[in-house]
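**Q** Below: one structure in structure tokens.
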Amino acid sequence: MKTLLTGGAGYIGSHTAVALLEAGHDVAIIDNFANSSPEAVKRVELITGRQVSLYEADCADKDRMMEILGKEQPDCIIHFAGLKAVGESVELPVEYYRNNIDSTLTLLECMKASGISRFVFSSSATVYGEDNTPPFTEDMPKGVCTNPYGWTKWMQEQILTDAQLAGCREKGGWKAPLSVVLLRYFNPVGAHESGLIGEDPQGIPNNLMPYISQVAVGRRDHLTVFGDDYDTPDGTCRRDYIHVMDLAEGHVKAAEYALGHEGAEVFNLGTGSPYSVLGMVEAFSRACGHQIPYEIGPRRAGDVQDSWADAGKAKRILGWEAKRGIDEICRDAWNWQSHNPKGYE
Ligand code: NAD
Ligand code: WQD
């Protein structure tokens, strides 16, 4: 199968490229490097010993997309490209809506014109909103998002679902019925076992694991835990942290599934097991061999107390489940961070 990964130089895309190549599939990548480096793609080639076609391009550039889709003729597109910083999306909502929504609309138009009909989309558990109670199941109604980033995911799910419905109809204009797979990621963390690729956030990390990793390697002096007065056993929020290579392998299964099915299907990609913030601090401290210094701060606006997946549907239908546990997550995150203290720089 030939796959085209938009945003494939980024954190999840680069790991997915490895998993696809190792499963024997071909990979082409489009990225504008807004939040990534071409070095990640070189390292994907180094890990796998295989070549990737790399295009520097913006997914919202219709002429370039038509040209690349025409040249590559992929069997399936996996659409990772997007801006993802929650806080920044509150500051720059128009830029977030423009980039994330435009990319998806442009891709759909170009796919339709090029006769490509398999689409796998990077969605997020954030679409469950604040009012559903975990474990989240795919048939729960989508909730109210707490920030523009979350709404872009919510809206893109809707756009893709509507396009799929139209694409099933004879007059939809699609040459083949559209197949859409919406993957709701929980909290992707960790790195490839080689330590050659991993998460490389620009500036101060927004997310817990890269922040802990940078404290562990001495780039920051301590972690601030956002609130210890939640109604949980240790008072800190609980999340479903999933190893990025498990997530990557989930994409291989999803792309293979998209090839053989029509319709729009939603899958959670999570482990089903939550860990608290302090639980993660302890696990990482074990992995790096010293205690991560932290202090307790106020709650962060927009945080939900609890979020974890019901991971049953992906297991039943895709035959996929997360295999790596918290100790492997922290071991691999530390391996990446300690060997690349400044990321790809
Ligand atoms: P990332 O920032 O590392 O990767 C996204 C990539 O898309 C980057 O390489 C960036 O340069 C590229 N990009 C952005 N806009 C583009 C455009 N218009 N044209 C071409 N390239 C563009 O992020 P990631 O963590 O790998 O996330 C991948 C996808 O998964 C994103 O859509 C993100 O919203 C989604 N997601 C991520 C998480 C997470 O915690 N990392 C959770 C849920 C969903
Ligand atoms: C995890 C826990 C924080 C940093 C976000 C997005 C979501 C998805 C994944 C991606 C929370 C606590 C964090 C710190 C802390 N996005 N924390 N100190 O918020 O679950 O999900 O990333 O594209 O849409 O919202 O992940 O890693 O930011 O936080 O105490 O310095 O760690 O309060 O409880 P979150 P996170």
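The values are calculated or read from the model by the stated rules, or taken from the named source; none is laboratory data. This is a predicted model, so every value here is computed, not measured. Glycine gets a Cβ as well: all are built from the backbone with ideal geometry, and neighbour counts include every protein chain shown. The area values use the complete protein model at the heavy-atom level, side chains included, leaving out ligands, DNA and RNA. Shrake-Rupley method; radii C 1.70, N 1.55, O 1.52, S 1.80 Å.
**Q** Say R0 is 30 Å: what FRET efficiency, to the nearest 0.05, do VAL144 and LEU165 get from their beta-carbon distance? It would help to have the intermediate numbers written out before the result.
**A** On the way: r = 24 Å, r/R0 = 0.79.
Efficiency computed from Cβ-Cβ geometry: 0.80.
**Q** Return the distance in nm (one decimal) between the two label points of a simple spin-label model at ASP63 and ARG98, each offset 7 Å from Cα along Cα→Cβ.
**A** Here the answer is 1.9 nm between the modelled labels.
**Q** Before anything else, pin down the relative contact order of region 149-216: Cα pairs under 8 Å, at least 6 apart, normalised by residue count, whole percent. Each step should come with its number before you reach the end.
**A** Values: 31 pairs, mean separation 11.3, N = 68.
After rounding, I find 17 percent.
**Q** Accessible area, 1.4 Å probe, largest first: how do HIS290, HIS222 sort? Before the final figure, lay out the partial values.
**A** Numbers: HIS290 80, HIS222 50 Å².
Reading off the accessible areas and sorting them downward yields HIS290, HIS222.
**Q** Give me the Kirkwood hydrodynamic radius of region 57-209 in Å, from all C-alpha pairs, to one decimal place?
**A** 17.0 Å
**Q** Here's something else I'd like to know. Relative contact order of the chain, please, whole-number percent, based on alpha carbon pairs below 8 angstrom and at least 6 residues apart. Working shown, then result.
**A** On the way: 730 pairs, mean separation 66.5, N = 345.
After rounding, I find 19 percent.
**Q** Counting only heavy atoms of protein chains, what accessible area per residue, in Å², does the chain have with a probe of 1.4 Å?
**A** Details: 14420 Å² over 345 residues.
I get 42 Å² per residue for this part.
**Q** Kindly identify region 139-189 as rounded, prolate or oblate by the Cα gyration tensor criterion: order the square roots of the eigenvalues as a ≥ b ≥ c, call it rounded if a/c is under 1.5, otherwise compare a/b with b/c, prolate if a/b is larger, else oblate. Walk me through the intermediate numbers first.
**A** Numbers: a/c = 2.77, a/b = 2.12, b/c = 1.30.
Verdict is prolate for region 139-189.
**Q** Sum up the charges of everything whose Cβ sits under 13 Å from the Cβ of ASN32, counting Lys and Arg as +1 and Asp and Glu as -1, but leave ASN32 out.
**A** On the way: positive: ARG64; negative: ASP31, GLU56, ASP58, ASP61, ASP102.
Net of charged neighbours comes to -4.
**Q** To continue, here is another question. What order do ASP26, ASP306 take when sorted by accessible area (1.4 Å probe), most exposed first? The partial results should precede the final answer.
**A** On the way: ASP26 70, ASP306 25 Å².
From most exposed to least exposed: ASP26, ASP306.
**Q** How large a share of the accessible area of the chain, in percent, is made up of carbon and sulfur atoms when the probe is 1.4 Å and the other protein chains stay in place? If you can, show how the numbers build up before the last one.
**A** On the way: 7000 of 14420 Å².
Roughly 49 percent of what the probe reaches on the chain is carbon or sulfur.
**Q** May I ask you to order 213-220, 252-259 by the average number of other C-beta atoms within 10 Å around their residues, highest value first? Walk me through the intermediate numbers first.
**A** Working: 213-220: 18.5, 252-259: 21.8.
Ranking the peptides 213-220, 252-259 by packing returns 252-259, 213-220.
**Q** In addition: Which one, SER338, PRO188, ALA248, projects farthest toward the positive side of the charge dipole computed for the chain from Cβ point charges (K/R +1, D/E -1)?
**A** Ranked along the dipole, the leading option is ALA248.
**Q** At 0.36 nm per residue, and after removing the present C-alpha to C-alpha distance, how many nm does the segment from GLN305 to VAL90 gain when stretched out fully? Before the final figure, lay out the partial values.
**A** Values: separation 215, 0.36 × 215 = 77.40 nm, distance 2.01 nm.
Gain on extension, GLN305 to VAL90, equals 75.4 nm.
**Q** I would also like to ask the following. How would you rank 319-329, 268-278, highest first, on the average number of other Cβ atoms within 10 Å across their residues?
**A** Numbers: 319-329: 17.9, 268-278: 22.8.
Highest to lowest by the protection proxy: 268-278, 319-329.
**Q** Can you give the FRET efficiency for GLN291 and LEU105, using 1/(1 + (r/R0)^6), R0 = 30 Å, r = Cβ-Cβ distance, to the nearest 0.05?
**A** Numbers: r = 48 Å, r/R0 = 1.61.
So the FRET efficiency works out to roughly 0.05.
**Q** Also: Based only on Cα atoms, what Rg/Rh ratio does the chain have, Rh being taken as Kirkwood's radius?
**A** Working: Rg = 19.3 Å, Rh = 20.3 Å.
Here the Rg-to-Rh quotient is 0.95.
**Q** Hey, another quick one. Before rounding to the nearest 500, sum -39500 (n - 2.57) across all DSSP H runs of length at least 4 in the chain and divide by the residue total; then give [θ] at 222 nm in deg cm²/dmol. Don't skip to the end; give the middle numbers.
**A** Details: 10 runs with 135 residues, N = 345.
Theoretical 222 nm ellipticity from helices: -12500 deg cm²/dmol.
**Q** Determine the sum of side-chain charges near LEU182: Lys and Arg each +1, Asp and Glu each -1, restricted to other residues whose C-beta is under 10 angstrom from that of LEU182. Please list the in-between numbers first.
**A** Working: positive: LYS153, ARG184; negative: GLU138, GLU157, GLU265.
Net charge in that neighbourhood comes out at -1.
**Q** Right, another one. Students often get this wrong, so check it: of LYS42/LYS313; LYS71/LYS313; LYS42/LYS142; LYS175/LYS323; LYS175/LYS313; LYS62/LYS323, which have C-alpha atoms separated by over 32 Å?
**A** Pairs exceeding the cut-off: LYS42/LYS313; LYS71/LYS313; LYS42/LYS142; LYS175/LYS323; LYS62/LYS323.
**Q** Now a separate question. Taking 0.36 nm per intervening residue step and subtracting the Cα-Cα distance, what contour gain separates GLN202 from GLN51 on full extension?
**A** 51.7 nm
**Q** Which of the peptides 332-339, 243-250 is most tightly packed, and how do the rest follow, judged by the mean count of other Cβ atoms within 10 Å per residue? Could you put the intermediate results ahead of the total?
**A** Numbers: 332-339: 21.6, 243-250: 25.2.
Output ranking for 332-339, 243-250: 243-250, 332-339.
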